[in-house]
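Read-outs: derived from the displayed coordinates by stated rules, not from any lab. Treat the numbers as computed from the prediction; the structure is a model and nothing was measured. Note that we place each Cβ from the backbone using ideal geometry, even for glycine, and neighbour counts take in every protein chain shown.
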Amino acid sequence: MARGREGKRDKDAGLVRVADFLPAVLPPGLFDEVIRPEDVGYTHPVFLQCFMPTRESAKNKLRWQANCGRASLVIRAGELANPEKENEYVQCSVPSGPKARFVVAYVNDYIQTKKTPVVNMGENLRAAMDRLHIPIGGANGAELTKQVKNFAAAEIGIGRWNEEGKVTHDRSLVAAHMSFWLEKDRQQRTIWEPEMKVSTEYYDAVRDGDRLAPFHWPALLALQHDTRAMDIHCFLTYRLRNSLKRPVALPIPVLHALFGQDIASPRKFWNSFKKSLLAAHKWYPKARIEVKNDCIVLKDSLPLIPYRKMARITG
């Protein structure tokens, strides 16, 4: 349950008490006011409905498919030239995990806000990690580097079916050109200079005006240790932006297909999902969600990111 400003019980307001999870310096009723325009990023809506693997495995290393309703996302791993050895190409994997989500969000947002297919990731590794809101550290840096390469080499297919069964399919290599190297400067800092020029097809797909979809950067940062929670938060942010005429029930098999392909047992998935849902809900406390024994029910909710927050790139 949730509490209003006076601390009284607010029927159907959500899963948890808002006051338990908001930063201590903020009154609960002001949560919506801290969604600043600079905290909002923009991506293709399919990436907020169909999600990359939560982690790499033998089953998803070379090909991955995720479906949501009439939308599908297919990713095939590619190869990148080895900068350290002539005439050698390195097999990459399908982008996966929280760092891949940061990379895709950053690249897509950069394309939207800068209106250019040439994406500069940062002068050095530390600056890049700061830009992506990733804690500094050797393991984090190595994983970020890996996921940038995985994403740059990938071939991505986006399929959409209408009610008549007609399909629209966008298929493209992400990067038309990728300059990427790691070296040490005189101060022994790791210089990280990737410049990614995305393909024309990928650029046009992300920039298409009717496909603009926002996400909340601070939430992704806070939830990066729970990849499933990152996906749930993005899904709720997107799905609840428009009014729901009636409650929408999502049964366990549907949720399992959306968020749990890494867990074979639906029961084990359900227990994990509920914990991740609670974590995601902390960053969208006004989302009205009912949890039942075999499903969740989404109810009409105030949007986390109102359309007025999008003025910074539409003006």
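The phi-based Karplus calculation (6.51 cos²θ - 1.76 cosθ + 1.60; θ = phi - 60°) puts the 3J(HN,Hα) values of the stretch 264-273 at 5, 7, x, 5, 5, 4, 4, 5, 5, 4 Hz, whole numbers, x for Gly and Pro.
Using a simple spin-label model with pseudo-atoms 7 Å out from Cα toward Cβ, LEU244 and ARG36 lie 3.1 nm apart.
Spacing of the modelled spin labels on GLU195 and GLU86, each 7 Å from Cα toward Cβ, amounts to 2.4 nm. The slack between ALA257 and ARG70, meaning 0.36 nm per residue of separation minus the straight C-alpha distance, is 66.0 nm. Residues whose amide H falls under 5 Å from that of ILE296, counting only those 5 or more places apart or on a different chain, are LEU250, with hydrogens built in the peptide plane. Around the amide H of ALA213, modelled in the peptide plane, lie the amide H atoms of THR43, all under 5 Å away and 5 or more residues distant in sequence or on another chain.
When the chain is fully extended, how far beyond the present Cα-Cα distance does ASP208 get from THR113, taking 0.36 nm per residue of separation?
Numbers: separation 95, 0.36 × 95 = 34.20 nm, distance 1.27 nm.
Gain on stretching ASP208 to THR113: 32.9 nm.
For the stretch 215-224, backbone phi angles converted through the Karplus equation (6.51, -1.76, 1.60; θ = phi - 60°) give residue-by-residue couplings of 9, 10, 4, x, 5, 4, 4, 5, 9, 5 Hz, Gly and Pro being listed as x.
Do any of LYS59/LYS275; LYS149/LYS286; LYS61/LYS292; LYS245/LYS274; LYS61/LYS85; LYS115/LYS286 go past 31 Å between their Cα atoms, and which? Kindly include the intermediate steps, with their values, before the conclusion.
Details: LYS59/LYS275 25 Å; LYS149/LYS286 37 Å; LYS61/LYS292 34 Å; LYS245/LYS274 25 Å; LYS61/LYS85 24 Å; LYS115/LYS286 33 Å.
Flagged as over cut-off: LYS149/LYS286; LYS61/LYS292; LYS115/LYS286.
The shape of the stretch 216-293 comes out oblate: with a ≥ b ≥ c from the C-alpha gyration tensor, a/c is at least 1.5 while a/b does not beat b/c.
Shape analysis of the stretch 35-136 places it in the oblate category; the axes a ≥ b ≥ c from the Cα gyration tensor give an a/c of at least 1.5, with a/b not above b/c.
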